[in-house]
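Trainee: First the structure, then my questions, so here it is.
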Amino acid sequence: QVQLVESGGGLVQAGGSLRLSCAPSRSAFSSYAMGWFRQAPGKEREFVAAITSNFGITIYGDSVKGRFTISRDNAKNTVYLQMNSLKPEDTAVYYCAAGRTGASPYAVRYDFWGQGTQVTVST
């Protein structure tokens, strides 16, 4: 079992930046692909970004390409989501996920999920 704890959410004005962090509870973190998803009220969960366990290959959802960057520091057991040029439509609960089968935009491919952190972007 892997527990994931997200942090870094909050309230920011449109055009601003936030950095989310996710720290898994076990040292096997480096063997997991990591992903970020988000869910806004009344909407389905949406893929944001993912990064492979090795080589750091990244993939992004179309709505965040060029604005968000996912990265990982295996020495610190942490994955990050740097969010720049935030828009009101980025408002959602952001979830960190860990998967053993590789980076994927599909939520079903992930085995463990965090509780989520709220990001609110005001106009």
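Just so you know, all these numbers are worked out from the coordinates, no wet-lab data involved. Just so you know, these numbers come straight off a predicted model, no measurement behind them. In this analysis, Cβ positions are derived from the backbone assuming ideal geometry, glycine residues included, and neighbour counts consider all displayed protein chains.
Trainee: What number, in nm² with one decimal, is the all-direction average of the projected area of the convex hull of the alpha-carbon atoms of the chain?
Mentor: Mean shadow area of the hull around the Cα atoms is 6.8 nm².
Trainee: Sticking with this structure for a sec: Find how much the distance from Phe55 to Leu11 grows on full extension, using 0.36 nm per residue of separation minus their present alpha carbon separation; answer in nm with one decimal.
Mentor: The span from Phe55 to Leu11 would gain 12.6 nm if fully extended.
Trainee: Another question, then. I want the local charge near Leu18. Using Cβ-Cβ distances under 14 Å, sum +1 for each Lys or Arg and -1 for each Asp or Glu among the other residues.
Mentor: Counting the neighbours of Leu18, the net charge comes to +2.
Trainee: A further question on this structure: How far is it, in nm, from the label point at Ser30 to the one at Lys87 when both lie 7 Å from their Cα along the line to the Cβ?
Mentor: 3.8
Trainee: Pull out a ≥ b ≥ c, the square roots of the eigenvalues of the alpha-carbon gyration tensor of region 61-102, then state rounded if a/c is under 1.5, prolate if not and a/b is larger than b/c, and oblate in the remaining case.
Mentor: prolate
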